[in-house]
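In what follows, a structure is listed as C-alpha cells, so that the remarks can point back to it.
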There are 4 protein chains.
Amino acid sequence: MLKKGEQTKEHILICAEKAFSRKGYYESQVSDISKLAQIAKGTIYQYFRNKESLYISLIEKYVVEWENKVALNLNDFMGQGISQDYARAYLRHRIAKTMAFFAENQDRANIILRMSSGLNDVIEHVVRIFEDSVMKAIVDDIKIGQQFGHISSSLNIDFAGNVILGGVLRISYFYFVLKKQNYNIHDMDSLTDEMVKVIENTLNMYQPEKN
Amino acid sequence: MLKKGEQTKEHILICAEKAFSRKGYYESQVSDISKLAQIAKGTIYQYFRNKESLYISLIEKYVVEWENKVALNLNDFMGQGISQDYARAYLRHRIAKTMAFFAENQDRANIILRMSSGLNDVIEHVVRIFEDSVMKAIVDDIKIGQQFGHISSSLNIDFAGNVILGGVLRISYFYFVLKKQNYNIHDMDSLTDEMVKVIENTLNMYQPEKN
Amino acid sequence: MLKKGEQTKEHILICAEKAFSRKGYYESQVSDISKLAQIAKGTIYQYFRNKESLYISLIEKYVVEWENKVALNLNDFMGQGISQDYARAYLRHRIAKTMAFFAENQDRANIILRMSSGLNDVIEHVVRIFEDSVMKAIVDDIKIGQQFGHISSSLNIDFAGNVILGGVLRISYFYFVLKKQNYNIHDMDSLTDEMVKVIENTLNMYQPEKN
Amino acid sequence: MLKKGEQTKEHILICAEKAFSRKGYYESQVSDISKLAQIAKGTIYQYFRNKESLYISLIEKYVVEWENKVALNLNDFMGQGISQDYARAYLRHRIAKTMAFFAENQDRANIILRMSSGLNDVIEHVVRIFEDSVMKAIVDDIKIGQQFGHISSSLNIDFAGNVILGGVLRISYFYFVLKKQNYNIHDMDSLTDEMVKVIENTLNMYQPEKN
DNA sequence: CATGAATGAGTTTTCATTCAT
DNA sequence: TATGAATGAAAACTCATTCAT
C-alpha cells in the first residue's frame with residue numbers, strides 16, 4: 001500500500017494520462033490536469049518540477065510497464081519440443097503482449113501511438129489526410145491485385161494495408177529522418193527491392209490460394 | 001511564372017517548412033518563420049488566416065505533391081509482357097516514388113514522419129526511449145533467432161527490425177487508437193496470428209539459407 | 001527627436017522609475033508599470049527582456065547621468081588664482097552636483113539612496129528603527145558634548161549626525177561586508193582611532209567657538 | 001536556561017538570520033529557513049505570524065543587542081580626570097562598540113548594512129556599479145589632491161573615501177528622501193558648504209604634513 | 001502590399017500560508 | 001508542539017494576432 005504522498009503522485013500521473021491522451025502535450029494545460037485530479041494546481045508542482053517533467057515521468061513509466069509486460073524468461077519456452085515451435089511461441093508472446101499493452105489502456109495507446117501527438121484537432125485531421133491518401137492508394141492497389149488474381153481475395157485488406165503503411169513510413173523515418181545509417185543512391189534501389197519483397201510476402205502475391 | 005503575391009506566399013511556405021521541420025508546430029513561432037523569410041510578421045497574415053492554416057496549407061501541399069509523384073497511369077504498365085511482371089513493376093514504382101518523396105526533401109520528411117512531431121527536444125528524446133526499447137527487443141530477438149539458425153544470418157537486421165516495428169505500431173494504432181474497426185477479444189488472437197505470420201515472412205523464418 | 005520605438009522605451013523607463021521609487025523592486029509589479037505607462041504588459045517585454053533587465057537599465061542610465069552631471073574638465077578650474085582655490089572650487093563642484101543630482105529627481109534619489117530598497121512599508125519602517133536608534137544615540141551624544149562645552153552650540157546637529165552615521169555605516173559596510181580589505185584585530189583599533197578623529201573634526205570638538 | 005519553545009524560537013531566528021543574510025528578504029524563502037533549521041515549515045508559523053513578522057523580530061533583536069552593546073553608564077566615564085579626556089573616551093567607546101557590533105556577526109552586518117538589501121545577485125551587482133562610480137571619482141580626486149600637495153600622501157585613501165561616500169549619500173538620503181527637514185534652494189548652498197568643510201577636515205586639506 | 005509596434009488573453013510557475021493529523 | 005501535504009492567489013512572461021501607418 002502506498003503512503004499519502006505516493007498515492008497523490010500516482011493519482012496525478014493517471015489524470016495527466018487522461019488529459020494528454022485527449023489533447024496531447026501542448027493543448028493540455030496544467031489546470032486541465034488539476035481539475036481532472038480535483039486538486040490544486042500547486043499540488044502538481046509538489047510532485048513534478050514542471051509540466052514537461054510530468055510528461056516525461058509518464059513516458060518513463062510506460063517503458064517500464066511495457067518491459068515488465070513483454071519480458072519473459074527465454075528458458076520458459078525452451079526444452080519443450082522442437083526449437084522451431086518455441087521460437088514461434090516466443091515471437092507470438094512478444095507480439096500478443098505488445099498489442100495487449102496498447103489494447104488494454106486506451107489513454108496510453110493514444111499517447112504513445114498518436115503519430116503526430118500533441119497537435120490540435122484541426123491539424124490532426126489534416127495530418128490524417130496524408131496518411132489516408134497513402135492508405136487509400138495501398139488499398140486500391142491491393143484491390144486491383146485481387147481483380148487480376150495476383151492477390152488472394154480472402155486477404156484482410158485493412159490489416160495488410162496498415163502493416164505495409166507502417167513498414168514504409170517507419171523505414172522512411174529510420175533512413176531519411178533519423179539517418180542512423182548512411183545510405184547512398186544505390187542503396188535506395190536495394191532498399192526499395194527489400195521493401196517490395198516484404199510487401200509481396202505480406203500479400204502472398206503470386207502464390208494465391210497456395211495455403 | 002508566379003506573380004509577386006504568389007511568389008511571396010510560396011516563399012513563406014518554404015520557410016515555414018524549414019521552421020516546422022526544426023521545431024515542430026508548437027515550438028515554432030510565427031516570428032521564427034518571418035525571420036527565416038526575412039519579411040515582417042504581419043505579411044504572413046496577408047497570405048494565411050493564422051498559424052494553423054499555414055501549417056494546414058503545407059500538409060495539403062504535401063498530399064498533392066505525393067499524389068503527383070506516385071500516381072501513374074496503370075496503362076503505362078500494361079500490355080507489356082505478362083501481368084505478373086507489370087504488377088511487380090507497378091508495386092516497385094509506388095514504393096520507389098514514395099521513398100524518394102521522403103528522401104528528397106529532408107524538411108518534408110521531418111514534418112510528415114516525425115512520429116511525435118511538435119514536441120520539444122527534451123520530450124522528443126524520452127519518447128524515442130520507448131521506441132528504442134521496443135526496437136532493441138526486436139533486434140535482440142532476431143539475433144537470437146540467427147544464433148539458433150531460424151533466421152538467415154544474412155538478414156539486414158535494421159531493415160527487418162524497422163519494418164516489423166512500423167507494422168506493429170501501425171496495426172496497434174489502427175485497431176486500438178483509430179478503432180475504425182470494432183474488434184472483440186477473439187479478434188486479438190487472430191490479429192496476433194496474422195502479425196506473427198507477416199513477421200515470419202519478413203524474417204523468412206524457418207527457411208534459412210533457402211534462397 | 002526620438003523615433004516611435006525609442007520614445008516608448010524612454011516612456012517605460014520613466015514610469016518604471018516612478019513605480020520602483022514608490023514600492024521598490026520586489027513590491028513593484030510589471031502590471032503597475034504598464035498601468036502607469038498606460039500601455040499593455042506585453043509592450044514592456046518588447047523593450048526589456050524581463051523585469052530585472054528593466055531595473056538594471058534604469059540603474060545604468062543613472063550611472064551615465066551622474067557622470068555627465070559631475071564630470072568637468074579639470075582645466076576649467078586651473079589657471080585661475082592659486083591652486084588651493086581651484087582645488088576647493090573643484091571639490092565644491094563635485095559635491096554640489098552630486099547633491100543636486102539627488103535633489104532634482106525625487107524618484108531617482110529614492111531608488112538609489114533608499115538604503116534597504118525594495119522592502120515593503122512595514123519592514124522598511126522597522127529597518128528605520130535601527131537607524132533611528134543609532135541616530136538618536138549620536139544626537140544625544142552631541143547634545144551632551146554641547147552641554148559640557150566640547151562642541152559648539154551652533155553646530156547643525158542633524159547635519160553632523162547624518163554625516164557621522166553615514167560614515168560609520170559605510171566604513172562598517174566596506175570593511176565588514178564587502179571585505180575588499182583584509183583586516184585583523186589590531187586594525188580594528190586603528191580603524192576606530194581614524195573614525196574618532198574624523199568625527200572630532202566634523203564636530204570641531206575641543207575647538208568650540210574657534211572659527 | 002530557555003525552555004523548549006523559547007529554544008526553538010531562538011533557533012529559527014538564527015537560521016532566518018543566515019538565510020536573510022545570504023539572499024535578502026525577498027529572495028529568501030520560508031522553506032530555505034525551515035531547511036536550514038531542519039524543522040518543518042509549519043513550525044515556523046507556530047512562533048511567528050508570518051515571514052514579515054519573523055524579519056521584523058530579527059531587526060528588533062538587533063536594536064536591543066546594539067543598545068546593550070553600546071550603552072554604558074555615563075558616570076563610568078566621569079569623575080576621572082578632565083572632561084575632555086572622558087568625552088573622547090566615551091566617543092571612542094561608542095565607535096568601537098558599534099564597529100565591533102558589525103564585525104563580530106557577519107550575517108547581522110549583511111542584513112543591516114547591505115545598502116540595497118534584498119535584491120538578487122544580478123541587480124545587486126548593478127547597484128554596486130553606481131556606488132563604485134562615485135567611489136572611483138572620490139578616490140581619483142584624492143589622488144589628484146595628493147599630487148598637487150593639498151592632501152597628505154600618507155592618507156588612507158580607502159578609509160577617507162568611504163567616510164566621504166557614506167556621508168554624502170546619507171546626507172542626500174536625509175534631506176532629499178526622508179525630507180524630515182524642509183529645505184529651500186538657498187539651503188542647498190549652505191548644505192554644500194558644510195559638506196565641503198567636513199570633507200576638507202576629513203582630508204586634512206591645506207594642512208598636509210601638519211601633524 | 002508590407003510593416004512592426006502594440007496588444008492582452010492565456011499559461012506556467014511560485015511560495016507564503018493553512019490545517020488535519 | 002510539530003509536521004508537511006495541500007492550497008490558490010498572485011506574479012512573470014509568452015506569443016499569435018491586429019491595425020495604423
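The values are calculated or read from the model by the stated rules, or taken from the named source; none is laboratory data. Only a predicted model underlies this, so the values are computations on that prediction, with no experimental measurement involved. For neighbour counting, all protein chains shown are included, and Cβ atoms are generated from backbone atoms with ideal geometry for every residue, glycine included. What goes into the accessible areas is simple: the full protein's heavy atoms, side chains included, and nothing from ligands, DNA or RNA. Shrake-Rupley method; radii C 1.70, N 1.55, O 1.52, S 1.80 Å.
Tell me whether region C:123-146 contains one or more residues that are more than 7 Å from every other protein chain (Cβ to nearest Cβ), open to solvent by less than 10 Å² (accessible area, probe 1.4 Å) and aliphatic (A, V, I, L, M). There is at least one residue in region C:123-146 that is more than 7 Å from every other protein chain (Cβ to nearest Cβ), open to solvent by less than 10 Å² (accessible area, probe 1.4 Å) and aliphatic (A, V, I, L, M). Summed over region D:15-35, residues that are more than 20 Å from C:Gln29 (Cα to Cα) and within 15 Å of DNA strand F (Cβ to nearest atom) total 8.
Among the residues making up region C:95-112, those that are under 16 Å from C:Val63 (Cβ atoms) and at the interface with chain D (Cβ under 7 Å from one of its Cβ atoms) are C:Thr98, C:Phe102, C:Ala109, C:Ile112. Pairs meeting the criteria (first residue in region D:44-64 and within 11 Å of chain C (Cβ to nearest Cβ), second residue within 16 Å of DNA strand F (Cβ to nearest atom) and not in a helix (DSSP H, G or I), beta carbons under 8 Å, at least 6 apart or on different chains) are D:Glu52/C:Asn120; D:Leu54/D:Phe48; D:Ser57/D:Phe48.
Here region B:52-94 is the region considered, the condition is being basic (Lys, Arg) and at pLDDT below 90, and the residue that is most open to solvent (accessible area, probe 1.4 Å) is B:Arg88.
For beta carbons closer than 6 Å, sequence separation of 6+ or different chains, a first residue in region B:19-41 that is among the aliphatic types (A, V, I, L, M) and a second that is outside any helix (DSSP H, G or I) and near DNA strand F (Cβ under 8 Å from one of its atoms), the qualifying pairs are B:Ala19/B:Ser28. One residue alone among C:Lys18, C:Lys35 is more than 8 Å from DNA strand E (Cβ to nearest atom), open to solvent by 50 Å² or more (accessible area, probe 1.4 Å) and closer than 25 Å to D:Tyr173 by Cα, and that residue is C:Lys18.
The residue of region C:2-37 that is modelled with the lowest pLDDT, among those that are over 20 Å from C:Glu65 (Cβ atoms) and outside any helix (DSSP H, G or I), is C:Lys3. Select from region B:38-51 the residues that are of a type in the set (Lys, Arg) and either open to solvent by less than 60 Å² (accessible area, probe 1.4 Å) or not in a helix (DSSP H, G or I) (or both) and write down the one among them that is farthest from DNA strand F (Cβ to nearest atom). Of everything passing the filter in region B:38-51, B:Arg49 is farthest from DNA strand F (Cβ to nearest atom).
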